[in-house]
Amino acid sequence: MRYTFLILILSVLLVCVIGCAATGEKVTVKSGQSSETRVYEVFGMDCPGCHGGLEKLVEKIPAIQHSEANWQEKRLAVVVRPGTELNDEDIYDAVRRANFTPGERVK
């Protein structure tokens with residue numbers, strides 16, 4: 001029983017290490033012809049699993065059509081839904097709620 005628990009813990013740690021060691025990940029955003037793409041700095045994402053929760057929170061903002069975060073580049077790219085207005089503070093608020101630190105809007 002004790003060894004089973006230890007093996008389980010080690011397996012979880014191994015999966016985390018392998019996930020955090022992934023390389024070559026790029027931010028690619030699918031955008032329509034009239035969509036605006038904005039890019040923001042985000043600090044505190046340490047592994048591939050970190051950005052999934054951030055993307056989900058950001059995509060709940062009505063003006064967001066699509067989002068992709070990249071933990072290696074410390075970036076969040078969002079596609080603004082055509083015909084809507086996006087307030088940058090909505091993005092910064094979502095970043096904070098995901099327990100990350102918002103940086104500057106890069107683009």
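Quick note: the coordinates plus some simple rules give every number you see, no bench work behind them. Predicted model only: the values in this text are computed from it and were never measured. A quick note on method: Cβ atoms are made from the backbone with ideal geometry, for glycine too, and the neighbour counts reach across all protein chains shown.
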Relative to the Cα centre, what is the charge dipole magnitude of the stretch 26-105, using +1 at the beta carbon of each Lys and Arg, -1 at the beta carbon of each Asp and Glu, and rounding to the nearest 20 debye?
220
Phi to ³J(HN,Hα) by Karplus 6.51 cos²θ - 1.76 cosθ + 1.60 over the stretch 67-74, Hz, x for Gly, Pro
9, 9, 9, 10, 5, 6, 8, 6
What does the extension gain come out to for ASP88 and ASP46, with contour length at 0.36 nm per residue minus their alpha carbon separation?
12.8 nm
Per-residue Cβ neighbour rank within 10 angstrom, fewest leading, HIS66, HIS51:
HIS66, HIS51
Be a star and scan the stretch 84-100 for residues whose amide nitrogen sits under 20 Å from the point 7 Å along the Cα-to-Cβ vector of GLU59.
84-87, 90-100
Suppose R0 equals 30 Å. What FRET efficiency, 1/(1 + (r/R0)^6) with r the Cβ-Cβ distance, do ARG96 and SER35 give to the nearest 0.05?
0.75
Amide H neighbours of HIS66 at under 5 Å, excluding residues fewer than 5 places away on the same chain, with H built from the backbone geometry, are VAL79
